[in-house]
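S.K.: Here you go, one structure.
The values are calculated or read from the model by the stated rules, or taken from the named source; none is laboratory data. Since this is a predicted model, take the numbers as computed values, not measurements. So basically every Cβ, Gly included, is an ideal-geometry build from the backbone, and we count neighbours across all protein chains shown. The protein model used for the area step is the full one, side chains on, heavy atoms only, and it has no ligands, DNA or RNA in it. Shrake-Rupley method; radii C 1.70, N 1.55, O 1.52, S 1.80 Å.
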Amino acid sequence: MSSPPPSAPTIEGVAWTASQPDFGRCGAAFLTPALLGVVAGASLQLQQPELWSALAYCMCAAAGVALWFCARWRRGTFASPDGLQRKAVAAHAVVLVVVCLAAALVVFALGGLRSVRYAQGALDPALEGKNLVVTGTVASLPQSVEQGVRFVLRVETAQAAGELIDLPGSIDLGWYLDGWGDRSLTPPPPEKITPHAGERWRMTVRLKAPNGARNPNGFDYELRLWEQGVRATGYVRLGTKDEPPKRLSAAQPLGAYAVLRLRERVRDAILQQLAGEPEGDARISESARPGTPTARTRAAGVVAALVTGDQRVIDQADWDVFRATGVSHLVSISGLHITLFAWLASQLIGMLWRRVPRWCLALPAPSAALLGGLALATLYALFSGWGVPAQRTVLMLAVVVLLRLIGRRWPWPHVWLLACAAVVLLDPWALLQAGFWLSFVAVGVLFAMVPIANNQVGISARDHFLSLIRQQAVITVALAPLTLLLFGQVSVVGFVANLLAIPWVTMVVTPLSFAGVLWAPFWQLSAWAVQAIGWWLGWLAALPIAQVSVASAPLWAGLAAVIGGIALAARLPWSLRLIGLPLCLPVLLWQAPRPLPGHFELLAADVGQGNAVLVRTAGHSLLYDTGPRYSAASDAGERVLVPLLRSLGETLDVVMISHRDSDHSGGAAAVLTHQPQARLTGSIPSEASLLAMRDWTPCVSGQRWTWDGVQFDVLHPPVPASPKMARGERPNAQSCVLKIRASDQTTALLVGDIEKAQERSLVERAAVSGETLAATLLLVPHHGSKTSSSDVFLDAVQPRTALVQAAYRSRFGHPAPEVVQRYRARGTQIIDSARCGAATWQSSEPARVRCERIEDRRYWQHGFP
């Protein structure tokens, strides 16, 4: 890996110079459609809502192989392309299509067979929620979380009631000091709670199938676990009647998990050196005391992520800054870092190799440098966790090294497609990752747009600097539409931020971080360098124009915008470049469809155990409750509602928090921060932190307003909620009850956590006033608790559809079976968010509920009987 010419572009750091192909045209013609078929076949398989049988996939593969042999047989029937007649050209085109189809069928079948094998390792539903004794090895970096630690356990044996059972090969477990909130459980002392990578343990656990939130344009948690081979999640039981966890053996220094254990030790050493975090078993007890991280602690997380690839140690506030400034790719183990490592390693190996003539006679120094750099880069990629960016870079480096060693020169499209296909074959689900597309599109744009045919080694420093600026400008312009399509936002200051951040992180922060492995004081220098660039990036992120957000556009608009961005960045006359502007307009101006005047739409977000309902009219929107707080550092507002509102391009008029319980108000702070114009109302007189954010209005019976022909009425509480509740009164009793009525009298009733006493009061007040409580749709009170949904209330409301917002296998037992039976006895359709995901209901179509989990289903997602 010799030093690249100063003006050569980079493939995430990989130097490349243009060259002409030196293989036959027929070989090149067959290679391109075959590689395209690999990507197409994997993409189609990922769209399947349900898997086929193994036999069906085998037949599909056989058809692909048959087509391939047909194509090879037809290959010899046409002459060189220079002498092709019209008929031969048509036959040649048909052969190329057949090659693409054959490759697609084979890869489609291979992906399906692989998925069938994965699916066979799913957790038996009969074992969910039962005490299981498992023995296994810690197969991931343990992650400190609030009140505990999470890790992946590779299962060796498992028992239920003393009998051997089959479990998925890998399970994701939480080990919590508070015993998952069960007050009957006794937490163990901190020195006995921390598992380490590579250790063997025996412990009692409770498991359930992976069931992540399913929201429009939301993160697919189940896909991430599927990629990792994790088919069950759960927690460690710590009850007095449970077998206590027992460490059976320590990690072996040279065992299968030696690299993982080394990564953990390096990560913990960095955090201890820079942030003063305790090492080993004491870390868990410290995690129980969350606080605001210092600049030193946040810098430690960045350094640890650069060295070990553990991005979860980076503080959320830093991620927000990195995303706003478009430099997130620099703080993960990206191709740039691995390629820099490979280049430095090859230079060092080549220099040392030349000093030993005997070695040079056995293997030329340039070849030794290439192979040594590739080998060390592969080891670094493995040490960093072997993520998708690391995989693609190692594959690209391997292709470049192989071609140089055998003396072949391929045109860049073939190298690009070959690396892309290799990654897809290794991990087909990478096609659903935004980083995959950003990375490969960036590489392709650099190849195609930057002039690389006339590189001049002796160019001046000024020309080299201008070349770097042009490369960054090309990437920024070309990828902006793709970024908008994938994330719904793009950094406006990203170009300026990356001009300084790329060389600083690449040439200063990263080398110092690696040097710290040999001598720890270098980590301190690296942390100071991180804090310096952090100040610059923080200032840019605070600018009002730091980033632009738009509603998530449909795929056709996004693809048009990507083509437009490439056209704008291309080295074409400006008259042709400007054609790209109208292609970009649909993704910039797209607005999510809204209800017609007089009607409204209700979207019950999938937030787990809690309420969060978005109500939209033709020109206004209201958010009723904001979901739960998952931990001190995570809530439904930041994880679900803010991205959801951004994807819809929604600007809230009102945020109504029914009452102060954390499963209803947990995400309020995040929502209010990102929606500064929204008015705040609700029953939250004692929530000082929320009330300090802006003025608020208590909700009280009798409040009424109309938006776009839709009437809103507050029915409860009869008086404003008091900070000091009456003796024995619970916050549930103060819940805001909101009735929404369309112009055609179709009605929705949102009732928070009211209980039977408040339900009876509502019925009595309605009888006195002559109003009706009848509603087409009802948000089930208190998530379906036994304390609510009384017969008298249901007789008064008579809902056609009832929405239950509760977690999958809720630890509170929501919805209670007897409550469900009451609704079914009245012919009410019950929509459970655990089974439905996000539920969308429109007053114009009251009989239909769109379930995100059902309408947009994929085979790796948890299915219900």
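S.K.: Which FRET efficiency value, to the nearest 0.05, is calculated for ASP166 and LEU44 with the Förster distance at 25 angstrom and r the Cβ-Cβ distance?
M.R.: The computed FRET efficiency comes out at 0.20.
S.K.: Using a 1.4 Å probe and counting only protein heavy atoms, arrange TYR859, TYR118 so the residue with the most accessible area comes first.
M.R.: TYR118, TYR859
S.K.: If you don't mind, another one. Only one of the listed values, (1) 25; (2) 41; (3) 28, was derived from the coordinates as percent of Cα pairs over 50 Å apart; which label is it?
M.R.: Matching entry in (1) 25; (2) 41; (3) 28: (1).
S.K.: Under the rule a/c < 1.5 gives rounded, and otherwise a/b versus b/c splits prolate from oblate, where does segment 471-614 land using the Cα gyration tensor?
M.R.: Judged from the Cα gyration tensor, segment 471-614 comes out oblate (a/c at least 1.5, b/c at or above a/b).
S.K.: Taking 7 Å along the Cα-to-C-beta vector as the label spot, tell me the LEU581-ARG811 distance in nanometres, rounded to one decimal.
M.R.: 5.8
S.K.: Mind pulling the angle between the C-alpha long axis of helix 756-769 and the longest principal axis of the chain? Nearest 10 degrees, somewhere in 0 to 90.
M.R.: The angle comes out near 60 degrees.
S.K.: What is the gain in length, in nm to one decimal, between ARG404 and ILE563 on full extension, counting 0.36 nm per residue of separation less the C-alpha to C-alpha distance?
M.R.: 53.9 nm
S.K.: Now for a different question. Might you tell me the accessible area per residue for the chain, computed with a 1.4 Å probe and given in Å²?
M.R.: That works out to 45 Å² per residue.
S.K.: Rounded to the nearest 0.05, what FRET efficiency do ARG117 and GLN711 give with R0 = 60 Å and r taken as the Cβ-Cβ distance? Could you check?
M.R.: Plugging the Cβ-Cβ distance into 1/(1 + (r/R0)^6) gives 0.60.
S.K.: Looking only at segment 746-784, which residues have a backbone nitrogen under 13 Å from a spot 7 Å from the Cα of ARG800 in the C-beta direction?
M.R.: Label zone hits: 746-748, 775-778.
S.K.: Something else about it: What FRET efficiency do you get for SER686 and LEU500 if R0 is 56 Å and r is their Cβ-Cβ distance, rounded to the nearest 0.05?
M.R.: The computed FRET efficiency comes out at 0.75.
S.K.: Something else about it: So if each residue of separation counts as 0.36 nm, and I subtract the Cα-Cα distance between SER769 and ALA62, what length gain in nm does that give?
M.R.: Difference between extended and current length: 247.2 nm.
S.K.: Work through the residues other than ASP832 whose Cβ is under 14 Å from its Cβ and net out their charges, Lys, Arg +1 and Asp, Glu -1.
M.R.: So the environment of ASP832 carries a net charge of +3.
S.K.: Report the full-extension gain for the segment THR135 to LEU348: residue separation times 0.36 nm, less the Cα-Cα distance, to one decimal in nm.
M.R.: Additional length available on full extension: 72.2 nm.
S.K.: Additional query: Based on DSSP, what percent of beta bridges with both residues in segment 623-766 are antiparallel, to the nearest 5?
M.R.: 60
S.K.: While we're here: Quick one: Karplus J couplings for segment 586-594, per residue in order, coefficients 6.51, -1.76, 1.60, θ = phi - 60°, nearest Hz, x for Gly and Pro?
M.R.: With coefficients 6.51, -1.76 and 1.60, one gets x, 6, 7, 9, 5, 10, 4, x, 10 Hz.
S.K.: Number of Lys-Lys pairs in the chain under 19 Å by Cα, sequence gap 8 or more or different chains?
M.R.: Lysine pairs satisfying the spacing and distance rule in the chain number 6.
S.K.: About the Cα centre, and with charges only on the beta carbon of Lys, Arg (+1) and Asp, Glu (-1), how big is the dipole of segment 683-736? Nearest 20 debye, please.
M.R.: Dipole about the Cα centre, nearest 20: 240 debye.
S.K.: Could I ask something else about it? Let me make sure I get this right: for segment 667-718, a, b and c are the square roots of the gyration tensor eigenvalues over alpha carbons, sorted descending. Under 1.5 in a/c it's rounded, otherwise prolate if a/b > b/c, else oblate. Which is it?
M.R.: Because a/c hits 1.5 or more and a/b fails to exceed b/c, segment 667-718 counts as oblate.
S.K.: Taking 8 Å as the Cα distance limit and 6 or more residues as the minimum spacing, I'd like the relative contact order of the chain as a percentage.
M.R.: Dividing the mean separation by the residue count of the chain yields 10 percent.
S.K.: Among the DSSP beta bridges whose two residues both lie in the chain, what percent are antiparallel, rounded to the nearest 5?
M.R.: If I count the DSSP bridges inside the chain, around 75 percent turn out antiparallel.
S.K.: Also, I was wondering about something else. How many angstrom lie between the Cα centre of segment 784-840 and the Cα centre of segment 587-662?
M.R.: After rounding, the separation between the Cα centres reads 21 Å.
S.K.: Cα axis of helix 412-426 to longest principal axis of the chain: angle in degrees, 0 to 90, nearest 10?
M.R.: Its long axis makes an angle of about 50 degrees.
S.K.: Whole-Hz Karplus ³J(HN,Hα) for segment 673-680, in order, using 6.51 cos²θ - 1.76 cosθ + 1.60 and θ = phi - 60°, x for Gly and Pro?
M.R.: Couplings: 5, 8, 10, x, 7, 6, 7, 10 Hz.
S.K.: Report, by chain and number, residues whose modeled amide H sits under 5 Å from the one on VAL550, excluding near sequence neighbours (fewer than 5 apart, same chain).
M.R.: GLN489
S.K.: Ignoring ligands, DNA and RNA, please state the percent of accessible area on the chain from carbon and sulfur, probe 1.4 Å.
M.R.: Carbon plus sulfur share of accessible area: 61 percent.
S.K.: Taking the Cα-to-Cβ direction at GLN745 and at ALA515 and moving 7 Å from each Cα, how far apart do the two end points lie in nm?
M.R.: Simple spin-label model gives 8.0 nm for this pair.
S.K.: Using only Cα atoms, tell me the angle between helix 365-383 and the longest principal axis of the chain; keep it within 0 to 90° and round to the nearest 10.
M.R.: It works out to around 10 degrees.
S.K.: Assigning unit charges at the beta carbon (Lys, Arg +1; Asp, Glu -1) and nothing else, what dipole magnitude in debye, to the nearest 20, does the chain show about its Cα centre?
M.R.: For the chain, the charge dipole is close to 2040 debye.
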